[in-house]
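Structure record follows, encoded as structure tokens.
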Amino acid sequence: LPHLFLLLPLAGCSGWQSALDPRGSTAEELHGLFWLFTITCTAVWGAVLLVLAAALWRRRHPAGISEAQQARSERRSGVAIGAAVAATVVIITGLTFASYLATRGIAEEHPEALTIRVRGYQWWWEVLYADSAPHRAFLTANELHLPVGRPVRLELATADVIHSFWVPNLAGKQDMIPGRENVLVFTPREPGTYRAQCAEFCGIQHAHMALRIVVEAPADFERWREAQIAEAAPPMTPEEEAGRQVMESKACGACHTVRGTAAAGTLGPDLTHVGGRQTIAAGMLPTTRGSLAAWIADPQTVKPGNNMPMVPLTAEELQAVSAYLARLR
Ligand code: CUA
């Protein structure tokens, strides 16, 4: 059991949501700074304890000393105090300078950066891949795809309250504040799937506001992007066609968009390729036909307080609409 307690503090050091396992430029800078501060402060703390222990030891064993010895001892104390003050100034100045250099490196902009706008909502993330050609821009939700090695420029905004963008393995935290836009730049260094989490309390489902970051080879990223730019594929089976009609008759399009259909609402997540995303409800459930059906049947039980209303559907309608959405890849 004692071994378990020793392992506990180390359990968070690696994995897909850990600032101590950096896989991007900004996270690397912060990781370096973290260890510099930790090691320096531990060394200072250890030195202070040693000196304190030595002083206490000498006080307990006072030797009878002459006046000349006393004067020498006071001079030595003066030198020791001077040295301690000088060391403190040097260490604090050094740490401040290292901190300044890291912050400057983190904020450096790159002209070739991929620009993505991320907007926080209670409680999900809207992601806009802008493009100079308007028909190539597209919206998605709760999932960012990034090419490895290319600088990224995230323009962070919010639709309601303050949120905070934080993907510990890559970068952050950066607040998303009403009425302004904050910018976060970083370069993902290693392919992989990372978990981002809203880092500012934003209401009762704050803990369920996660975002997947998929860092992939540039060719894979381009393939993904082309697939996202395309409109939703038409229904293939009668059931899927029935699902599309259910969405129309129940006015799902008042809040959601499915490009290529009549649904063009902007209040909720864009569903054009929802079936191809890893999760629904901002990281709560894996995207399967079953979880889509569970979500639509009773979103307030899955994630109480969110803005998705419960739409009364028959069992057949629920089956059909989840089949249709699962196919939107
Ligand atoms: Cu959004 Cu916490």
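The values are calculated or read from the model by the stated rules, or taken from the named source; none is laboratory data. As the structure is a computational prediction, the values presented were derived from the model and not from experiment. FYI the Cβ positions are ideal-geometry reconstructions off the backbone, even for glycines, and counts take in every protein chain you see.
Some observations on this one:
- Flag for L144 being part of a strand (DSSP E or B), within 30 Å of F37 (Cα to Cα), in the same structural domain as G203 (by TED's automatic domain parsing) and within 16 Å of the ligand (Cβ to nearest atom): no
- A search for C-beta distances below 7 Å between a residue of region 99-120 that is polar (S, T, N, Q) and any residue that is more than 16 Å from the ligand (Cβ to nearest atom) and part of a strand (DSSP E or B), counting only pairs 6+ apart in sequence or on different chains, returns T115/R153; T115/E155.
- Test set (1) part of a strand (DSSP E or B); (2) surrounded by 15 or more Cβ atoms within 10 Å (Cβ to Cβ) - A102 fails condition number: (1)
- Screening G149 on (1) buried (at least 18 other Cβ atoms within 10 Å of the Cβ); (2) in contact with a helix residue (DSSP H, G or I) (Cβ under 8 Å, 6 or more places away or on another chain); (3) under 20 Å from E108 (Cβ atoms) shows it passes everything except condition (1).
- Residue ID - nearest to W124 (Cα to Cα), chosen from residues in region 293-320 that are of a type in the set (A, V, I, L, M) and in a loop (DSSP other than H, G, I, E, B): M308
- Apart from one condition, Y129 fits all of (1) surrounded by 11 or more Cβ atoms within 10 Å (Cβ to Cβ); (2) in contact (Cβ under 8 Å) with a residue 60 or more places away in the chain; (3) over 20 Å from H145 (Cβ atoms); the exception is (3).
- With respect to the conditions (1) of a type outside the set (A, V, I, L, M, F, W, C); (2) surrounded by fewer than 15 Cβ atoms within 10 Å (Cβ to Cβ); (3) without any contact (Cβ under 8 Å) to a residue 60 or more places away in the chain, G275 falls short on a single one, namely (2).
- Residue match in region 40-47 (condition: at pLDDT 95 or above, surrounded by 11 or more Cβ atoms within 10 Å (Cβ to Cβ), among the aromatic types (F, W, Y) and in a helix (DSSP H, G or I)): no
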